[in-house]
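I have placed the structure first, in the form of structure tokens, so that the comments after it can refer back to it.
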Amino acid sequence: MKILLTGAGGFTGRLFAERASAAGHTVEHLQADLTNAAALQEEALTVAPDAVVHLAAISFVGHANEHAFYGVNVVGSTNLLNALVALPVRPKRVLLASSANIYGNSKHSPIDEMQPPAPVNHYGTSKLAMEYMARTYTDRLNLIITRPFNYTGPGQDINFLIPKLAAHFAERAPSIALGNLNVEREFNDIQMVCDAYLALLTHGEPGEIYNICSGNPYALRFVIETFSRLTGHSPLIEVNPAFVRANEVHRLCGNPEKLNRLIQASGATVHTPTLDETLERMLQALKK
């Protein structure tokens with residue numbers, strides 16, 4: 001399958017391209033800017049993809065430019081879908097990466113795909129807006145929407161929490177300044193997420209939404225303790241009020257039943273490392 005991949009240079013895109021190529025697919029990296037509709041149309045016509053995986057987005061919740069969330073995540077995605085609809089032969093499958101952030105602070109846990117969305121920040125709101133926008137194309141494109149819960153791994157930007165912790169522990173820093181310590185998240189491995197995307201690209205039902213999750217949340221304090229055990233280092237943990245976000249999502253845990261049913265029925269292989277394995281790989285990567 002010839003896959004047109006957006007966000008190929010990003011954290012997820014780099015590994016997805018590797019795993020898709022290893023699975024026998026041809027991966028074409030989108031070069032055009034999502035905000036340039038004409039360039040998108042020209043490139044889509046040149047590539048003529050069998051499938052599209054749309055990962056490009058502004059994904060750091062604390063990003064300073066609030067307008068950029070909507071300019072890239074919503075308008076840019078609209079430009080992409082318009083370019084695909086205009087193709088003489090439309091792709092057989094289009095996978096759009098949304099986010100579990102669209103659920104917000106849900107009292108229900110674990111969260112399944114039927115949970116009403118209630119985003120509490122611009123990132124989550126822009127992703128939900130992208131989902132609603134994409135629904136207007138379901139009569140013309142075979143769309144699958146994914147909602148990945150928190151995931152990490154080697155190569156993730158240090159602006160994100162787990163890579164920040166990994167760097168501090170690897171450097172044996174005497175102290176670490178963090179925000180709210182009383183949060184729980186799934187900290188899944190990027191390998192699992194990329195394998196799930198590949199499985200959905202082949203076996204997912206068009207028009208459906210899938211949580212990409214494990215259902216295994218961890219308290220941030222437990223992650224810190226795990227890093228300490230793996231490194232033999234115990235830095236001073238300081239809470240910096242400047243790092244505490246307003247509208248913090250306190251607990252985010254997904255229900256993976258829908259995804260698991262599809263994986264089991266299709267016989268697809270999804271590699272799911274343990275938290276220890278993920279954190280150890282991140283620490284080892286920092287030594288290279």
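Computed from the coordinates by the stated procedures, all read-outs in this text should not be read as laboratory data. Values in this document were obtained by computation on a predicted structure and should not be read as measured data. Positions of Cβ are generated from backbone atoms using ideal geometry, with glycine treated the same way; all protein chains shown enter the neighbour counts.
Distance in nm between label sites at MET1 and LEU236, each 7 Å beyond Cα in the beta-carbon direction?
Between MET1 and LEU236, the simple spin-label model gives 5.3 nm.
How would you order 209-216, 224-231 from highest to lowest mean count of nearby Cβ atoms within 10 Å?
209-216, 224-231
Which cross-chain or sequence-distant (5 or more) residues have an amide H under 5 Å from the amide H of GLU186, H modelled 1.01 Å from N in plane?
Long-range HN contacts for GLU186: ASN150, TYR218, LEU252.
Tell me which lysines have Cα within less than 29 Å of LYS258's Cα, excluding those fewer than 8 residues away on the same chain?
LYS2, LYS92, LYS107, LYS127
Amide H neighbours of LYS2 under 5 Å, at least 5 residues apart or on other chains, H built in the peptide plane: list them.
Placed amide hydrogens put THR26, ASP50, ALA51 under 5 Å from LYS2.
For segment 126-132, what does the Karplus curve 6.51 cos²θ - 1.76 cosθ + 1.60, with θ = phi - 60°, yield as ³J(HN,Hα) per residue in whole Hz, taken in order and with x for Gly and Pro?
5, 5, 5, 4, 4, 4, 5
If you fit an axis through the alpha-carbon atoms of helix 257-266 and take the longest principal axis of the Cα set of the chain, what angle between them do you get, 0 to 90°, nearest 10?
Helix 257-266 sits roughly 60 degrees off the main axis of the chain.
For segment 1-74, state which chymotrypsin sites (Phe, Trp or Tyr not before Pro) are in a DSSP loop and have at most 13 other beta carbons lying within 10 Å of their beta carbon.
Details: sites: PHE11, PHE16, PHE60, PHE69, TYR70; in loops: PHE60.
Counting only loop positions with at most 13 other Cβ atoms within 10 Å, the chymotrypsin sites (Phe, Trp or Tyr not before Pro) in segment 1-74 are PHE60.
Around ARG90, which amide H atoms from residues at least 5 apart in sequence, or from another chain, sit under 5 Å from its own amide H, with H modelled in the peptide plane?
Residues meeting the amide H criterion: none.
Can you compute the charge dipole magnitude of segment 2-287 about its Cα centre, using +1 on each Lys and Arg Cβ and -1 on each Asp and Glu Cβ, nothing else charged? Give it in debye, rounded to the nearest 20.
It comes to approximately 120 debye.
With θ set to phi - 60°, apply the Karplus curve 6.51 cos²θ - 1.76 cosθ + 1.60 along segment 176-187 and write out the HN-Hα couplings as whole Hz, x wherever there is a Gly or Pro.
3J(HN,Hα) across segment 176-187, in whole Hz: 9, 8, 10, x, 5, 8, 9, 10, 10, 9, 6, 10.
Mean separation of Cα pairs under 8 Å and 6+ residues apart, divided by the residue count of the chain: what relative contact order is that in percent?
20 percent
Whole-Hz ³J(HN,Hα) for each residue in segment 38-47, computed from phi via Karplus 6.51 cos²θ - 1.76 cosθ + 1.60 with θ = phi - 60°, x for glycine and proline: what do you get?
Each residue's phi maps through the Karplus curve to give 5, 5, 4, 4, 5, 5, 4, 5, 5, 6 Hz.
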